[in-house]
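This report concerns only the one structure given below.
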Amino acid sequence: MGKTYCQACKKKCSGEVLRVQDKYFHIACFKCTVCKNSLAQGGFFFKDGVYYCTNDYQKQFGTKCANCGLYVEGEVVSALGKTYHQKCFTCARCRQAFPSGERVTYTGKEVLCAKCVQIPVREAQSLQSSPTSTSGTECAGCKEELKEGQALIALDRQWHIWCFKCKACGAVLHGEYMGKDGVPYCEKDYQKQFGVKCAYCSRYISGKVLQAGDNHHFHPTCARCTKCGDPFGDGEEMYLQGGAIWHPRCGPGPTENGTVLNGSVNGH
């Protein structure tokens with residue numbers, strides 16, 4: 001190797017040596033400048049001509065994540081003068097990390113994802129004094145205090161955004177939902193448990209339902225006379241026999257096994 005000298009002790013290198021950035025070290029001499037632990041087997045940082053172990057470098061020069069308080073390494077997110085791990089930079093309401101490329105909105109108080117920024121909220125303090133508020137500042141989902149100062153108002157109660165979930169599948173509900181006995185459900189699970197199927201198309205009915213008797217329900221657009229094809233109006237009399245319904249004007253009444261019904265449209 002010729003006359004090669006250790007960068008640390010300045011003595012001639014012999015035996016096993018390390019080459020680091022075109023410089024040579026005895027293995028025993030390649031140490032962290034702060035804690036003096038060997039850097040030969042682990043990662044290290046180089047700054048201003050000095051070598052550091054990861055721990056001491058972070059203590060002196062590292063940046064802490066504004067969310068979790070741990071030092072950040074690798075890819076980071078810098079926003080509003082703060083630095084975050086990518087996984088720690090989350091929506092202030094639903095607590096989910098922002099997908100790559102998604103629009104992020106800063107409201108002046110908090111950072112929101114594209115979904116949560118569209119959900120209306122009201123100040124919890126003003127709700128607390130409202131005579132119609134029954135839960136004060138307690139979340140109807142987790143029963144803990146609404147510390148963020150804001151609450152989602154649904155089913156006449158207050159919820160953390162991330163606690164407003166479908167009771168059946170646990171999915172956080174953004175936008176549309178259906179309620180039963182004060183409990184929220186996504187539309188799919190609500191229909192599975194409580195839904196009413198149209199006697200004509202066999203699909204679940206959302207919105208207005210036309211009820212014929214006790215056991216026959218229709219979408220208003222599906223309840224059509226089997227003879228003339230015209231729809232039935234709200235409260236209009238109809239004849240029902242088997243799977244057939246028709247206007248009294250379109251034919252004689254049903255046989256003794258049939259039924260004369262008064263169709264009514266109800267909200268569902």
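Structure summary
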read-out: D_trans [Stokes-Einstein, Kirkwood Rh over alpha-carbon pairs] for the stretch 76-115, 25 °C, 0.890 mPa s, µm² s⁻¹; value: 238 µm²/s
read-out: Inter-probe distance in nm under a simple model that places probes 7 Å from Cα toward Cβ, at Val183 and Val117; value: 3.5 nm
read-out: Theoretical gain in end-to-end length, Gln96 to Gln60 [0.36 nm per residue, Cα-Cα removed]; value: 9.8 nm
read-out: Eligible lysines near Lys115 by straight Cα distance, threshold 26 Å, same-chain separation 8 or greater; value: Lys82, Lys87, Lys143, Lys147, Lys165, Lys167, Lys180, Lys188, Lys192
read-out: Set of the stretch 36-50 residues, backbone N closer than 13 Å to the point 7 Å along the Cα-Cβ line of Thr4; value: none
read-out: DSSP-loop trypsin sites (Lys or Arg not before Pro) across the stretch 11-77, with at most 11 other Cβ within 10 angstrom; value: Lys11, Lys36
read-out: Cα gyration tensor, the stretch 151-193 - rounded (a/c under 1.5), prolate or oblate; value: prolate
read-out: Footprinting exposure proxy for Ser202, Ser38, Ser78 (fewest neighbouring C-beta atoms within 10 Å first); value: Ser202, Ser78, Ser38
read-out: Lysines with Cα under 19 Å of Lys23, excluding same-chain neighbours fewer than 8 positions away; value: Lys3, Lys10, Lys11, Lys12, Lys31, Lys36, Lys47
read-out: Alpha-carbon centroid distance for the pair the stretch 151-201 / the stretch 29-76, whole angstrom; value: 49 Å
read-out: Cut-off under 5 Å, modelled amide H: who pairs with Val111 long-range; value: Ala92
read-out: Amide hydrogen neighbours beyond the local backbone of Tyr5, cut-off 5 Å, H modeled; value: Cys13
read-out: The stretch 46-58 - phi-based ³J(HN,Hα) in whole Hz, Karplus 6.51/-1.76/1.60, Gly and Pro as x; value: 10, 8, 6, x, 10, 9, 10, 6, 4, 4, 6, 5, 5
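Bear in mind that the values in this text are calculations on the coordinates, not laboratory data. All values reported here derive from a predicted model rather than from experimental measurement. In this analysis, Cβ positions are derived from the backbone assuming ideal geometry, glycine residues included, and neighbour counts consider all displayed protein chains.
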